Amino acid sequence: MNRFLIVPQLKIHNANALSSPYTLGFPAMTAWFGGIHALQRQLNAGAFAGLRFTRAAVACHRIDQQTYKGSGDFVHSIIGTGNPLDKTGERPSFIEEARCHLTVSLAIECQGVGQGDIAEFTQAVESRLYRLKLAGGDILSFKTPETLTIDGDNELARLTRKLMPSYVLQERRELMTEAMRNGQDAIDALLSYLKVEHRSRPLGNGKGEWTAKRKAEGWLVPIATGFHGITELGFAENQRDPDTPHRFAESLVTLGEFVMPYRIKRLDDLLWHTRYDAENNLYLCQQNNRI
């Protein structure tokens, strides 16, 4: 049996839309797991010391990316914030910060909560959520959290109904792997699935027809799914936590696909989890079927 904590209709203001140094859009999966882990730690410090959040899904109901595209513009521009003047009355340096407002529902697989503790557990979650940030954004509101117990894939529809209507992310790393086996490097493999090819076909009499097509069907997007350590573990001057080893890392970006939850037939195709690959210095958010 799988028990889930469901937090419906979370409205988040000014979430971080800069999901990696080179992608802008839906917040990175690492950002969502950061908030989920912070919630677990707060609950562990209270009455639920044995609680563990093992896997999670993020269902996006609405996203409003803070960008602007004027008439005749080729690209979108980030809508920035007006920072206050400094002590000398001068405007401080402008740093572009991509933001988005969004509404999501969280389905978090949990362990260590007994049936008799459900009421106390959901009340504790509700009281702590407003103290947290999610994906760097402020939580404005949410509907009452609830729990749901299902029998694996056999009752998956009971869970996906709680997330509708929305889109959830599936990892499509296998598309990248296939393209790289054919001789492409990682960035070419990524772009080959994101580009749109426009072609014209003559119809005669000076007329023609234009078509637009991508390499694969589906709502494919670049997603940030973790980090790759590029230095050895050690200690850096003025690091935030003086007791925890530090290392520099770079973002990992791969392909993902937005799908509606009712199309998913297996829990492993819905839920994400974190994994540390010590041999390759990888800190990953991934799905079981994509390992």
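Please treat every number below as a calculation from the coordinates, not as lab data. These numbers were taken from a predicted model, which means no experiment stands behind them. Reconstructed Cβ throughout: ideal geometry from the backbone, glycine too, with neighbour counts over all protein chains shown.
Peptides 5-11, 175-181, ordered by how many other C-beta atoms sit within 10 Å of their residues on average, highest first, read 5-11, 175-181. Each of the peptides 28-35, 14-21 was scored by the mean count of other Cβ atoms within 10 Å over its residues; in descending order, highest first, they stand as 28-35, 14-21.
Across segment 182-197, computed HN-Hα scalar couplings (Karplus, 6.51 cos²θ - 1.76 cosθ + 1.60, θ = phi - 60°) run 8, x, 7, 7, 5, 5, 5, 5, 5, 5, 5, 8, 9, 6, 10, 9 Hz from first to last residue, x flagging Gly and Pro.
Contact order for the chain, expressed relative to its length and based on alpha carbon pairs under 8 Å spaced 6+ residues apart, stands at 24 percent. Just to be sure I understand, if you calculate Rg and Dmax of the Cα atoms in Å for this structure, which of (i) 19.0, 58; (ii) 29.1, 90; (iii) 21.7, 78 do you get? Of the labelled values, this structure produces (iii).
Total lysine pairs in the chain at Cα distances under 18 Å, for residues eight or more apart or on different chains: 8. Karplus-derived 3J(HN,Hα) values for segment 271-283, using 6.51 cos²θ - 1.76 cosθ + 1.60 with θ = phi - 60°, are 8, 10, 9, 9, 8, 10, 9, 5, 5, 10, 6, 10, 10 Hz; glycine and proline are entered as x. Skipping prolines and chain starts, which residues have an amide H placed within reach, meaning under 5 Å, of the one on G137, given they are 5 or more residues away or on another chain? For G137, whose amide H was placed from the backbone, the distant partners under 5 Å are N16.
A cut-off of 5 Å between modelled amide H atoms, ignoring neighbours fewer than 5 places along the same chain, links F48 with no other residue.
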